[in-house]
Amino acid sequence: MAGTSVAPTPLLKDELDIVIPTIRNLDFLEMWRPFFQPYHIIIVQDGDPSRVVKVPEGFDYELYNRNDINRILGPKASCISFKDSACRCFGYLVSKKKYIYTIDDDCFVAKDPSGKDINALEQHIKNLLCPATPFFFNTLYDPYRDGADFVRGYPFSLREGAPTAVSHGLWLNIPDYDAPTQLVKPRERNTRYVDAVMTIPKGTLFPMCGMNLAFDRELIGPAMYFGLMGDGQPIGRYDDMWAGWCTKVICDHLGLGVKTGLPYIWHSKASNPFVNLKKEYKGIYWQEELIPFFQSATLTKDCTTVQKCYIELSKQVKAKLGHVDEYFIKLADAMVTWIEAWDELNSTSDIPKGPAK
Amino acid sequence: MSQANIMDDEVDIVIGALHSDLTTFMNEWRPVFSQFHLIIVKDPDLSGEIQIPEGFNVDVYTRSDIDRVVGSSTSILFSGYSCRYFGYLMSRKKYVISIDDDCIPAKDNEGSLVDIVAQHITNLITPATPFFFNTLYDPYRKGADFVRGYPFSLREGVTCALSCGLWLNLADYDAPTQALKPELRNSRYVDAVLTVPVRAMLPLSGINIAFDRELVGPALIPALKLAGEGKFRWETMEDIWSGMCVKVISDHMGLGVKSGLPYVWRNERGNAIESLKKEWEGVKLMEEVVPFFQAVRLPRSAVTAEDCVVELAKIVKEQLGQSNPMFVRAAEAMVEWIKVWKAVQSG
């Protein structure tokens, strides 16, 4: 076979942070050790700050609990959710790295069809480092993958692709279903390994799950605000959805790509569908208004940065979704607070931080 | 109505024959095709008699049939790979499955023979979901569903009009790509079917497709002929053009287009470097054509696929016709095709 040597994927260990929200413990890291140990981990501890979160030995991490969040952000801490994994976006705020990988603490290493352990992080890095193809659908999926290419009829002028801003991974075992589906199909497990990475076309929205997600923080970080969920809020389990819709609209506007597919992780815990139903209930109805809103959202030419896009979006949220529920007015304000916090923490170098370790 | 019933009575399998000896081809496909009605259309430029083995329910059409039905001046539409469109014209069934004559059945990851008829029909009779992307791909497949965050009002989906299959071994690459990477073979079996979202364009390969002929038959058009069009897929763009038209029309009519399974195994033939010399025209063409199709909008008054093709032909002539006479001919061919389609349907 003509020499097609595949260059090894760079580790990027000094350019990537792993962000993990937790309210329990981090025993799951033990299984990930071979793949995660080289990296710096940012742990966002939700719930009672006086609890001590057990982290396995040998990992390089910084941990932030609610007290830290309040101390670092002051009044702006109001935009970070409490008692919901949405708090993870605080980790994106304080990271100083180019790339973020975020994973839930009930996600384990999956095996590919040959029985080999999947290095999810390595696949995400591959996805982020090679271009996306949002402007024309390639029927053989990711054309940059080893063993694939653009098909006949794919315009040559579009073969350079666009920079990849987001890599959305999937889950074997417990699939990411909503509460009604969980109630109807409590035993359904995802056993189908689909060996593909693909770009979600420009102009198309998708449900972005935060369980196994990587992104280029420099390209799209400010759009990854996970909203107001949990304690004191009328809704839960829509944090990543909200971030995903905002992110996709902004990526489409700025000419950035969003990929989905590999890598798979093994999702072990099925959350309680009745608890989920209570959290999602309002979201199920509100979604019907939110989707048309995002599908028709347009950003003006002078929205040239992610922050500008996001602020513009927050204005539109206030104007067009305020009538759906007062929550959206609060959310729009929180979106602005988030950008203020982002700019504050990411422009000057001597912000007092000092996490609790 | 069980799937078995649907399959026998409502399916035609259409093969454009670019080789006269189809014995091996038909024998390879016997386990999958033998219970169906087949329409084989011989490329009018091909000499020699078509050879097919016994045991099939088949109708063969040749140049003289084409001349008789559409007239010898229009028969030019059906030369080369475009001969299969004559089969679509002659079909009386709801569903048509069409593959190139250099493909044989593939094997899936478990080693079983892929039944492309069963998979294409499943794709066509289950809804498509063009308005929102489902990250677990086809939600109607066994073992899958819509994921959290997928709007409930969009879960009914829309009717699927077109199912685009894929190819193992010799994938449908263009000549420059295959010439650059002569060893490149597709060995990746991706176990997914997904809906290509509304307004997303794709390169529709004619090598392995199926469609609802009643809904979109008229929109699969033998219209675009490269000046140097030849007898290898690398040397054609007719299906690519047809695919852009049918996607725009499906989007306009609120129908869905799926891509993915089933796979066929495609055999090698031809020399990519030789074909490279001929295909440059086609390659440049796409650069103009893509922005056009991405922006085109059909009038609300165009309701049927026939109406849509006629409207599209007008816009093609006006907007693309100015830059290249090939587009003027394509627009005229589109109109001619609809005339012929209507005449045959009513006659």
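Every read-out reported here was derived from the displayed coordinates using simple, explicitly stated rules and does not represent laboratory data. Note that the coordinates shown come from a computational prediction; the quantities given were computed from them, not determined experimentally. Using ideal geometry, Cβ is built from the backbone for each residue, glycine included, and neighbour counts are taken over all protein chains shown.
Using only side-chain charges placed at the Cβ, +1 for Lys and Arg and -1 for Asp and Glu, the dipole size of the stretch A:61-112 relative to its Cα centre rounds to 340 debye. The relative contact order of chain A, computed from alpha carbon pairs under 8 Å that lie at least 6 residues apart in sequence, is 20 percent.
Pick out, in residue order, every one of the chymotrypsin sites (Phe, Trp or Tyr not before Pro) in the stretch B:238-341 that is DSSP loop and has at most 15 other C-beta atoms within 10 Å; say none if there are none.
Details: sites: B:Trp241, B:Tyr263, B:Trp265, B:Trp280, B:Phe292, B:Phe293, B:Phe327, B:Trp337, B:Trp341; in loops: none.
Sites meeting the loop and neighbour criteria: none at all.
When only the Cβ of Lys, Arg, Asp and Glu is charged (+1, +1, -1, -1), the dipole of the stretch A:106-200 relative to its Cα centre reaches about 220 debye. Spacing of the modelled spin labels on A:Lys315 and B:Ser323, each 7 Å from Cα toward Cβ, amounts to 3.6 nm.
Out of every Cα-Cα pair that chain B contains, those further apart than 26 angstrom amount to 48 percent.
Cross-link partners among aspartates and glutamates for B:Lys142, C-alpha distance below 13 Å, same-chain residues fewer than 8 apart left out? By straight Cα distance, B:Lys142 reaches A:Glu188, B:Asp191.
Taking N as the residue count of the stretch A:232-357, its C-alpha radius of gyration divided by 2.2 N^0.38 Å amounts to 1.23. Once C-alpha pairs closer than 8 Å and six or more residues apart are averaged by separation and normalised to the residue number of the stretch B:211-347, the relative contact order reads 33 percent.
Could you tell me the relative contact order of chain B? Use alpha-carbon pairs under 8 Å, at least six residues apart, and round to a whole percent.
Values: 649 pairs, mean separation 62.7, N = 347.
That works out to 18 percent.
Tell me, how many Å apart are the Cα centres for the stretch B:35-100 and for the stretch B:280-347? If you average the Cα positions of each part, the centres end up 23 Å apart. Of all aspartates and glutamates in the structure, those lying under 18 Å Cα to Cα from A:Lys54, and not within fewer than 8 positions of it along the same chain, are A:Asp27, A:Glu30, A:Asp46, A:Glu62, A:Asp68, A:Asp104, A:Asp105, A:Asp106. Taking 17 Å as the cut-off, the amide N atoms of the stretch A:37-53 that come nearer than this to a point 7 Å along the Cα-to-beta-carbon line of A:Lys269 belong to A:43-49, A:51-53.
Indicate, rounded to the nearest 5 percent, the antiparallel portion of the DSSP beta bridges found entirely in the protein assembly as shown. Before the final figure, lay out each step's value.
Values: 33 of 84 bridges.
Bridges in the protein assembly as shown that DSSP calls antiparallel: roughly 40 percent.
Shape analysis of the protein assembly as shown yields a ratio of the Cα radius of gyration to the Kirkwood radius, Rg/Rh, of 1.00. When chain A is modelled as a GNM with alpha-carbon springs shorter than 10 Å, which of A:Lys96, A:Lys185, A:Lys202 fluctuates the most? Fluctuation is largest for A:Lys185.
Check every DSSP H run in chain B and write down those whose alpha carbon atoms cover 18 angstrom or more along the long axis and whose mean Kyte-Doolittle hydropathy is 0.0 or greater.
Details: long enough: B:238-253 (22 Å, 0.20); B:272-295 (35 Å, -0.02); B:325-346 (32 Å, 0.37).
Answer set is B:238-253, B:325-346.
According to the Cα-based calculation, Rg over Rh for the stretch A:112-169 is 1.01, with Rh computed by the Kirkwood formula. Radius of gyration over Kirkwood radius for the stretch A:100-254, both on Cα atoms: the Rg/Rh ratio is 0.97.
Could you sort out which of A:Lys97/A:Lys301; A:Lys76/A:Lys330; A:Lys282/A:Lys320; A:Lys259/A:Lys308 sit more than 21 Å apart by Cα distance in this structure?
Numbers: A:Lys97/A:Lys301 28 Å; A:Lys76/A:Lys330 13 Å; A:Lys282/A:Lys320 18 Å; A:Lys259/A:Lys308 23 Å.
Cα-Cα > 21 Å for A:Lys97/A:Lys301; A:Lys259/A:Lys308; rest within.
Sorted ascending by nearby beta carbons within 10 Å, beginning with the fewest, A:Ser157, B:Ser250 become A:Ser157, B:Ser250. Along chain B, the exposed loop sites are trypsin sites (Lys or Arg not before Pro) outside DSSP states H, G, I, E and B with at most 13 other Cβ atoms within 10 Å, and the longest stretch free of them is B:143-268.
Under a Cβ-only charge scheme (Lys and Arg +1, Asp and Glu -1), can you give me the dipole magnitude of the stretch B:201-347 about the Cα centre, in debye to the nearest 20?
Details: 18 positive and 19 negative charges, 21 e Å.
It works out to roughly 100 debye.
Return the lysines within reach of B:Lys42: Cα separation strictly under 24 angstrom, same-chain partners fewer than 8 residues apart disregarded; answer none if there are no such residues. Within the straight-line cut-off, B:Lys42 pairs with B:Lys93, B:Lys94, B:Lys225, B:Lys231, B:Lys278, B:Lys339, B:Lys342.
Of the complete DSSP H runs in chain A, those spanning 15 angstrom or more by Cα along the long axis with a mean Kyte-Doolittle score not below -0.5 are A:239-254, A:273-296, A:306-321, A:327-347.
Dipole of the protein assembly as shown computed with +1 at Lys/Arg Cβ and -1 at Asp/Glu Cβ about the Cα centre; of B:Gln119, B:Val303, A:Met241, farthest Cα towards the positive end is A:Met241.
Considering only DSSP states other than H, G, I, E and B, which GluC sites (Glu not before Pro) in the stretch B:4-103 qualify as loop sites with at most 14 other Cβ atoms within 10 Å? Kindly include the intermediate steps, with their values, before the conclusion.
Working: sites: B:Glu10, B:Glu28, B:Glu49, B:Glu54; in loops: B:Glu49, B:Glu54.
Qualifying residues, ordered by number: B:Glu49, B:Glu54.
What GluC sites (Glu not before Pro) in the stretch A:17-120 are in a loop by DSSP, with at most 13 other Cβ atoms within 10 Å of the Cβ? Please list the in-between numbers first.
Values: sites: A:Glu30, A:Glu57, A:Glu62; in loops: A:Glu57.
In loop regions of the stretch A:17-120 (DSSP not H, G, I, E or B), the sparsely surrounded GluC sites (Glu not before Pro) are A:Glu57.
Shielding by partners for peptide B:126-136, expressed as the average number of C-beta atoms from other protein chains within 10 Å of each residue's C-beta, is 4.
Please compute, for peptide B:181-193, the average count of beta-carbon atoms on other protein chains lying within 10 Å of each residue's beta-carbon. List each step's numbers first, then the result.
On the way: counts 3, 1, 4, 6, 2, 5, 1, 8, 2, 9, 6, 7, 1.
The mean count of partner-chain Cβ atoms within 10 Å per residue comes to 4.
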